Amino acid sequence: MTIILQYFVACFLIGSLPLGEIVARLKTGKSLIVPGSRDTRPPGEVFEILGIPTGVIVCILDALKGFLAVYPVTIKLIGPEAYSQWWVVGIGSVLTVIGHCNSPFLGFKGGRGLAPTFGVMVTLLYVPALLSLFLGLFLAFWGLSSKPGALSAAGAMPLLSIAWVFLYRPQDLDYLYIVAFMSTWTMWEHRSELKNYLGIKSAKATAPEQTAEAASETGKSEQNGDAT
């Protein structure tokens, strides 16, 4: 049990490594964290700060965190028998993503978990993970924004995984629990963008708009009064 706990701690620390933040500060002196928030900037702003080549490299490094936690670290600390107990690998995977989103090196702030989630999924269920990636990249290119691509990839992952497991890999049925949790987590981390696409406005967003509309109506009334 001690070795398993060490594995869980190692997964969390691997996920916590703020690679993107380190690269951004070394390259530009800017932070990727939104001021006054615990989240990173939207993907478009991140790529503007880092540049596309560096941004892609950072995404790959963040994905590698998920891969490392699931495969070589598991084998090194526990051994191949760990995969016979899916919950061990599952909890380690989840802790890697949680560490990425709540890094103690950044005051428990961090990214939104999509890259390390992909790293985990491509290690456990590579076919649905790659298909989700291609779908996300296509929609990101077609929509000229990474947001619809990220959300669509997160939503497609569980559906493709279910089809893949039941048709081709029934022995990996337990991994669907991990897929379900991580897809839900990704949707939660991107909830503000998801609400925007669904046309749902928060109270914080609607209040300023209502104030602006009221001010506009007042201005029009005063102009009409002056005209009369």
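Order these peptides, 27-37, 159-169, 126-136, 96-106, by their mean beta-carbon neighbour count within 10 angstrom, highest first. Intermediate results must be reported in sequence, preceding the final value.
Values: 27-37: 12.7, 159-169: 15.5, 126-136: 18.0, 96-106: 21.8.
For the peptides 27-37, 159-169, 126-136, 96-106, the packing ranking is 96-106, 126-136, 159-169, 27-37.
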Normalised convex hull volume, segment 2-205, alpha-carbon set, Å³ per residue: 126
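Want the number for residue 127 to residue 71: 0.36 nm per residue separation, take away the alpha-carbon distance, what's left?
Values: separation 56, 0.36 × 56 = 20.16 nm, distance 1.66 nm.
Stretched fully, the residue 127-residue 71 segment lengthens by 18.5 nm.
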Treat each spin label as a single point 7 Å out from the Cα along the C-beta direction, and report the residue 27 to residue 6 distance in nm. 3.6
Sorted by chain and number, the residues with a modelled amide H under 5 Å from that of residue 109, at a separation of 5 or more or across chains, are 103
What is the calculated FRET efficiency for residue 167 to residue 191, with r their C-beta to C-beta distance and R₀ = 22 Å, to the nearest 0.05? 0.10
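None of the figures in this text is laboratory data; all of them are computed from the coordinates on show. The shown structure was predicted, so the numbers you read here are calculated from the model rather than taken from an experiment. All Cβ positions, even for glycine, are placed from backbone atoms using ideal geometry, and neighbour counts span all protein chains on display.
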